[in-house]
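S.K.: Have a look at this one before I ask anything.
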Amino acid sequence: MVHSVLRNCLKVMRFLAGGLCILSLLLCIIPLATAYAPGGVRITHPQKSLNPLVADASSNADGDGFSNYQEYPARSNPFRILPAPIEIRDTIPQDDAGIVDFARVPDQTAVAVLIRAVYGIDLSAPTAVRFRVDDGYHQPYWRDLSHDTTRIVKLNETPDAQATYLWAAYDRFLEPFMPIHYPPNAVIQVTVTIRDIRNNILQPAPIEFKIESSAHKAAARQNVPNTTEFYANESFIDGSFDTGIAVVDGKLAGAKLFYSSLEPLTPEFGNPDEMPPIGRGDMQAAGLPINLLPHTVFDRPVRLFIPVTDDIDIRTVGLAYYDGIRWLPAVDAEGIVLPGGEGWMVAGSRINHEESSPPLIEVQVYHFSAAQAVIFARLGDTSEEDRRSHNSNANVFISCFINSVAEDPSFGFGGFWLLVAGCWVLAAGHRLLAASRHRVRRSRVSSCAEAKIIHSSLS
């Protein structure tokens, strides 16, 4: 009877202990596979040692000027400065754009990658950067630096034989023997291969996105701002900005841009209504969004003039950049390029035009999507949770379960220690019951042995 009770209790203990272990593993593994990106979006990066319960994607743990979120697509370690010889810092379009969200990817979009190479890339080597393109309609094809459809835009003064920081772009609209536009609703798969001067090769980096539908394209052509074109005067720098376009009326009146007439595609203003609201607690709109087309990298930076609301001091205003999926802080009020504006704005190019009506912020940009004047929240205006999320650099390794539970505000400190105590009690109870069961077995074996001896003696 006692043995039966002990056996049943042992089964219950084993069931409870097993269930608790499974729950512990789930609480450990599932958060490790995710982390918060800017705007509350979660991204998968199991190889990064970031706190899975904190939205610290905009933090810069290693102080290299690049956020945790930027280091994710670069496949780099957010706690080490430039650990990899070759890194992809950004892409145009963003990976999964139009597939996992409602982002509109124009049918003439460029495919570009922002590359940082420690040892440099020889731009005279055709295979230093290669694009493999699969549009689902043609046979997959390769394009390298020897093709007229690829372009390189350097972001620093390094020589071409050792370029360390650059945009590499493939332009479908420059193809001579196939349609210059991607098919509507097509899912495009592009794989980028990069090799530096030391023959380090970046593992092929896939980019996948979905092209806009015909209906979406037609809707985007509605409510386009009224603009006028003009030629810039001779006072502009070295003749690079010889053409311009300006919005002449409406709420965006005053917005304008200057560009080189030698660009393969002509810049233009798109429908501002298709831009989503900022939707972030750390940024407040200080003007209307400016939708900039086409989505491509320009051979020469474009001078962009962004209107600011009249009743706001332009000296307190920064800029946000829309990467095709979300709004990112790009430039602060002092003109310093933030992680979200890396590769977008030319450092040191901001000029405030307070005398104009409306006031205008001038910047030079390497590529287009959308931009908006914003006011960034002061530290005192953010919640305790926001401050904790932006300052947390906690590591999560084997102890991820304990760290995750202890740091979860909804679980509570008392609940955490209660769970630890429960685990200890179950483990101790399991050992005691196993020992009791072992003693019962030994007692039964001893009794059987004595009975056999007595039976033998009687015989």
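The values are calculated or read from the model by the stated rules, or taken from the named source; none is laboratory data. Since the model is a prediction, treat every value here as computed from it, not as a measurement. When we count neighbours, we look across all protein chains shown, and the Cβ atoms used for this are built from the backbone with ideal geometry, even at glycine.
S.K.: How many residues are assigned to a loop (DSSP other than H, G, I, E, B) and at pLDDT 95 or above when one looks only at region 228-276?
M.R.: 1
S.K.: Only one residue in Ile278, Ile245 is outside the structural domain of Val105 (by TED's automatic domain parsing), in contact with a Leu (Cβ under 7 Å, 6 or more places away or on another chain) and among the hydrophobic types (A, V, I, L, M, F, W, C). Which one?
M.R.: Ile245
S.K.: Have a look at Asp90, Asp148, Asp96 and point out the one that is of a type in the set (Asp, Glu) and on the phi > 0 side of the Ramachandran plot.
M.R.: Asp96
S.K.: Determine the pairs where a residue that is exposed (fewer than 14 other Cβ atoms within 10 Å of the Cβ), located within region 146-164, has a partner that is among the aliphatic types (A, V, I, L, M) with Cβ atoms under 7 Å apart, the partner being 6 or more residues away or on another chain.
M.R.: Sorted first by the residue in region 146-164, then by its partner, the pairs are Asp148/Leu174; Asp160/Leu123.
S.K.: Looking only at strands (runs of 3 or more DSSP E) that fall completely inside region 311-388, which ones have 2 or more residues that are closer than 21 Å to Pro294 by Cβ, modelled with pLDDT of 90 or more and under 18 Å from the mean Cα position of the chain (by Cα)?
M.R.: Fully inside region 311-388 and qualifying: 318-322, 327-331, 370-376.
S.K.: Of all the residues that make up region 289-323, how many are surrounded by fewer than 20 Cβ atoms within 10 Å (Cβ to Cβ) and touching a residue at least 60 places away in the same chain (Cβ under 8 Å)?
M.R.: Matching residues across region 289-323 total 4.
S.K.: Another question, then. Only one of (1) of a type in the set (A, V, I, L, M); (2) part of a loop (DSSP other than H, G, I, E, B); (3) touching a strand residue (DSSP E or B) at 6+ places or on another chain (Cβ under 6 Å); (4) without any contact (Cβ under 8 Å) to a residue 60 or more places away in the chain fails for Val105. Which number is that?
M.R.: If we test Val105 against (1) of a type in the set (A, V, I, L, M); (2) part of a loop (DSSP other than H, G, I, E, B); (3) touching a strand residue (DSSP E or B) at 6+ places or on another chain (Cβ under 6 Å); (4) without any contact (Cβ under 8 Å) to a residue 60 or more places away in the chain, just (4) comes out false.
S.K.: Evaluate region 284-300: report whether one residue or more is assigned to a strand (DSSP E or B), in the same structural domain as Ala253 (by TED's automatic domain parsing) and of a type in the set (D, E, K, R).
M.R.: Checked region 284-300: at least one residue is assigned to a strand (DSSP E or B), in the same structural domain as Ala253 (by TED's automatic domain parsing) and of a type in the set (D, E, K, R).
S.K.: Oh, and also: For the subset of region 179-207 comprising residues that are of a type outside the set (Gly, Ala, Ser), more than 29 Å from Gln162 (Cα to Cα) and touching a residue at least 24 places away in the same chain (Cβ under 8 Å), which member is surrounded by the most Cβ atoms within 10 Å (Cβ to Cβ)?
M.R.: Filtering first and then ranking leaves Tyr182.
S.K.: Another question, then. If you check every pair at least six apart or on different chains, which have Cβ atoms under 7 Å apart with a residue in region 218-240 that is within 17 Å of Val302 (Cα to Cα) first and a residue that is in a loop (DSSP other than H, G, I, E, B) and modelled with pLDDT under 85 second?
M.R.: Within 7 Å, the pairs are Ala232/Phe241.
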